[in-house]
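S.K.: Have a look at this one before I ask anything.
Read the figures in this text as sums done on the coordinates, not as results from a lab. Every value quoted in this text rests on a predicted model; they were computed, and no experiment measured them. Virtual Cβ from ideal backbone geometry, glycine too; neighbours counted across all protein chains shown.
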Amino acid sequence: MSNSFKPISISLSPNTEKDDVQLAWKLLFESDLWVNGKAPEELEEVFKKKTGVKHAYAFNSGRSALMAVLDGFKFEAGSEILMQAFTCNAAVNPIIWAGLKPVYVDCNNNYNIDIEDLKKKITPKSRAVMVQHTFGQPCDLDEIVEFCREKKLFLIEDCAHSLGAAYKGKNIGTFGDASFFSFSRDKIISCVYGGMAVARNKELAERIAAFQNRAGYPDRMWIEQQLLHPVLMNRIILPSYSIFGKYLLVMFQKSRILSKAIHWQEKKGRKPDYFPRRMPNALALLCLKQLEKLERFNAHRQELAAFYYRDLADTTLSMPPKAVDGIATYLRFTVRDKDAREIINEAWRRNILIGDWYTSPIVPNDTQMDKLEYVPGSCPNAEKLARETFNLPTHINISEIEAKAVSDFIKHYDKKHN
């Protein structure tokens, strides 16, 4: 078990390494680089080469990127966008903010969209299907692409969890008419806040580019909050977390020295004033450094996932299905157990901060479901998974020794209670 003040954590600035902290610290004293600069365009070009997408546009978040995509399609008000439950309000709100209607589809035990339930929920107002490659596990894109083609629906890929994943040899994000990625603090790569909108055809790309130009940049105070995040998190908060670091984090967020991952307004379906915005130069510089590490980060995640598969094989946990037709990124290693909440609580008492990312059909669990138009009982399997699912860390700052401590704790709990 972890005996240090610094916890084994799943989501507290997980991707940040020393050079990222040093860059953020340096940028804090170079405010002339915060807003304007060439880094966003450079990021777009590097991203296109890494992923094989045709057109890419950088924004200050995945939400802003999705807003740009939806604006580009020019759907009439009230059009339906079909998307899976077992998702985040950050994926739902842009649909509502655009004057469109989210239609929730159940998911399978692989945490991705249930094609059979999707077929049942098509109406004359359906215009697009948005698929989420949950935790980096690719969807069955052959069937989804064929279904969208047959029904004349646009396909949008939510790639927030899956940068670097592939399906049948082709990169995730290149199958849909459009896709969007997130570079938030707990995603595959991170610049604290950030995202990318992707279009397949030139006409949609031009509309997204126009939206990006209209969006403008976030204000300088917001940019400073993001630059402070890796510095304060890694130099002060995490090293002292189990003593007073966790309280410092709350204090910094309440005093607006640091931003929260999700604003309270979003939990009520409202839009904070920093969406939509294009990506500022400083965050693009952070993102470029992280993008250089993409292959190493994902190889590490896959190695830890392989370790968990082996080491937890004799437990009663339901393990995540392995990607048969593709390459998964394992943003987190997600397992199921009837005692999920008890396991998480016991682990936290031991300074092992394993996660419960999806505790309701739309997270965070204090999201007002009615404001996001979710009807309880409409996606029963998603609701069941939300009660049983928890996540194990796979990020670059988790060593195999720490992964073994997580695994040993779970095996001890499993042996004691089953």
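S.K.: Amide H of GLY326 versus every other amide H placed in the peptide plane: which residues, excluding those fewer than 5 positions away on the same chain, fall under 5 Å?
M.R.: HN-HN under 5 Å from GLY326: LYS168.
S.K.: Consider a paramagnetic label point 7 Å from the Cα of PHE244 along Cα→Cβ; state which residues of segment 195-238 have an amide N under 15 Å from it.
M.R.: Counting backbone N atoms under 15 Å from the label point, the list is 236-238.
S.K.: Using Cα centres only, tell me the gap between segment 213-273 and segment 283-302 in whole Å.
M.R.: Using only Cα atoms to place each centre, the spacing works out to 21 Å.
S.K.: Same structure again: Pairs of Cα atoms under 8 Å, at least six residues apart: use those to get the relative contact order of segment 291-364, whole percent.
M.R.: Numbers: 37 pairs, mean separation 18.0, N = 74.
For segment 291-364, the relative contact order is 24 percent.
S.K.: Which of the trypsin sites (Lys or Arg not before Pro) found in segment 2-89 are in a DSSP loop and have at most 16 neighbouring Cβ atoms, other than their own, within 10 Å?
M.R.: When the trypsin sites (Lys or Arg not before Pro) of segment 2-89 are filtered for loop state and at most 16 Cβ neighbours within 10 Å, LYS38, LYS54, LYS74 remain.
S.K.: Right, next: Once a ≥ b ≥ c are taken as the square roots of the eigenvalues of the Cα gyration tensor of segment 155-263, is the result rounded (a/c under 1.5), prolate (a/b larger than b/c) or oblate (a/b not larger than b/c)?
M.R.: Numbers: a/c = 3.83, a/b = 1.78, b/c = 2.15.
Oblate.
S.K.: Which peptide among 211-219, 186-194 comes first, and what is the full order, when sorted by highest mean count of other Cβ atoms within 10 Å? If you can, show how the numbers build up before the last one.
M.R.: Numbers: 211-219: 17.0, 186-194: 26.8.
Highest-to-lowest ranking by the protection proxy: 186-194, 211-219.
S.K.: With θ taken as phi - 60° and the coefficients 6.51, -1.76 and 1.60, list the Karplus ³J(HN,Hα) couplings across segment 379-391 in order, rounded to whole Hz; mark glycine and proline as x.
M.R.: Here the 3J(HN,Hα) series is 9, x, 6, 4, 5, 5, 4, 4, 7, 10, 8, 8, 10 Hz.
S.K.: Still on this structure, please answer the following. At a Förster radius of 45 Å, what calculated FRET efficiency corresponds to the Cβ-Cβ distance of TRP25 and LYS74, to the nearest 0.05?
M.R.: Values: r = 43 Å, r/R0 = 0.96.
Result of the calculation: an efficiency of 0.55.
S.K.: For the chain, what relative contact order do you get, as a whole percent, if you take Cα pairs closer than 8 Å and at least 6 residues apart?
M.R.: Values: 863 pairs, mean separation 108.8, N = 418.
Over the chain, the number comes to 26 percent.
S.K.: Still on this structure, please answer the following. Enumerate the calculated ³J(HN,Hα) couplings along segment 310-320 in order (Karplus 6.51 cos²θ - 1.76 cosθ + 1.60, θ = phi - 60°), each rounded to whole Hz, writing x wherever the residue is Gly or Pro.
M.R.: My calculation for segment 310-320 gives 6, 6, 9, 4, 9, 8, 8, 5, 8, 7, x Hz in order.
S.K.: In addition: What aspartates and glutamates could a cross-link reach from LYS101, if we take a straight Cα to Cα line under 15 Å and drop same-chain neighbours fewer than 8 places away?
M.R.: The qualifying aspartates and glutamates are ASP71, GLU76, GLU80, ASP370, GLU373.
S.K.: Further question on the same structure: Once amide H atoms are placed 1.01 Å from N in the peptide plane, what residues at a sequence separation of 5 or more from VAL103, or on another chain, have their amide H within under 5 Å of its amide H?
M.R.: Amide H neighbours of VAL103, under 5 Å, 5+ apart: ILE81, LEU82, MET83.
S.K.: Taking neighbour counts of Cβ atoms within 10 Å as a proxy for exposure, in what order, fewest first, do ASP158, ASP117 appear? Kindly include the intermediate steps, with their values, before the conclusion.
M.R.: Numbers: ASP158 27, ASP117 21.
Ascending number of Cβ neighbours within 10 Å: ASP117, ASP158.
S.K.: Under 13 Å from a point 7 Å along the Cα-to-Cβ line of ASP219: which residues of segment 267-289 have their amide N that close?
M.R.: Zone members listed by number: 273-275.
S.K.: Residue separation times 0.36 nm, minus the C-alpha to C-alpha distance between GLU400 and LYS120: what's the value?
M.R.: Details: separation 280, 0.36 × 280 = 100.80 nm, distance 4.40 nm.
Result: 96.4 nm gained on full extension.
S.K.: I've got another one for you. Take THR134, THR334 and order them by how many other Cβ atoms sit within 10 Å, fewest up front.
M.R.: Numbers: THR134 28, THR334 25.
Ordered from fewest to most neighbouring Cβ atoms within 10 Å, THR134, THR334 come out as THR334, THR134.
S.K.: Oh, and also: Which loop chymotrypsin sites (Phe, Trp or Tyr not before Pro) in segment 22-122, with loop taken from DSSP, have no more than 15 other Cβ atoms within 10 angstrom of their Cβ? Kindly include the intermediate steps, with their values, before the conclusion.
M.R.: Details: sites: TRP25, PHE29, TRP34, PHE47, TYR57, PHE59, PHE73, PHE75, PHE86, TRP97, TYR104, TYR111; in loops: PHE29, TRP34, PHE75, PHE86, TYR111.
Here the sparse-neighbourhood loop sites are PHE29.
S.K.: Starting from 0.36 nm per residue, how many nanometres of slack lie between MET369 and MET251 once their C-alpha separation is accounted for?
M.R.: Details: separation 118, 0.36 × 118 = 42.48 nm, distance 2.79 nm.
Full-extension gain reported as 39.7 nm.
S.K.: Would you calculate the separation in nanometres between label points at GLU143 and ASN201, each defined as 7 Å from the Cα along the Cα-to-beta-carbon direction?
M.R.: 2.7 nm
S.K.: Considering Cα pairs under 8 angstrom that are at least six residues apart, work out the relative contact order of segment 233-349 and quote it in whole percent. Kindly include the intermediate steps, with their values, before the conclusion.
M.R.: On the way: 44 pairs, mean separation 16.3, N = 117.
With pairs under 8 Å counted, the relative contact order is 14 percent.
S.K.: I'd like the FRET efficiency for LYS151 and LEU33, computed as 1/(1 + (r/R0)^6) with the beta carbon distance as r and R0 of 41 Å, rounded to 0.05. Don't skip to the end; give the middle numbers.
M.R.: Values: r = 47 Å, r/R0 = 1.15.
With a Förster radius of 41 Å, E is 0.30.
S.K.: All other residues with a Cβ under 13 Å from the Cβ of LEU385 taken together, and with Lys, Arg as +1 and Asp, Glu as -1, what is their net charge? Working shown, then result.
M.R.: Details: positive: ARG336, LYS338, LYS384, ARG387; negative: ASP106, ASP114, ASP337, ASP356, GLU383, GLU388.
Once positives and negatives cancel, what remains is -2.
S.K.: Still on this structure: Which value in deg cm²/dmol, rounded to the nearest 500, describes the helix-derived mean residue ellipticity at 222 nm for the chain, given -39,500 (n - 2.57) per DSSP H run of n ≥ 4 and division by the residue count?
M.R.: On the way: 14 runs with 164 residues, N = 418.
Value at 222 nm, helices only: -12000 deg cm²/dmol.
S.K.: Could you please report the charge total around GLU116, scoring K, R as +1 and D, E as -1 over all other residues with beta-carbon less than 13 angstrom from its beta-carbon?
M.R.: Numbers: positive: LYS119, LYS120, LYS121; negative: ASP106, ASP114, ASP117, ASP140, GLU143.
So the surrounding residues net to -2.
S.K.: Work through the residues other than ILE156 whose Cβ is under 12 Å from its Cβ and net out their charges, Lys, Arg +1 and Asp, Glu -1. All intermediate terms of the calculation are to be shown ahead of the outcome.
M.R.: Working: positive: ARG127, ARG200; negative: GLU157, ASP158, ASP177.
Computed value for this residue: -1.
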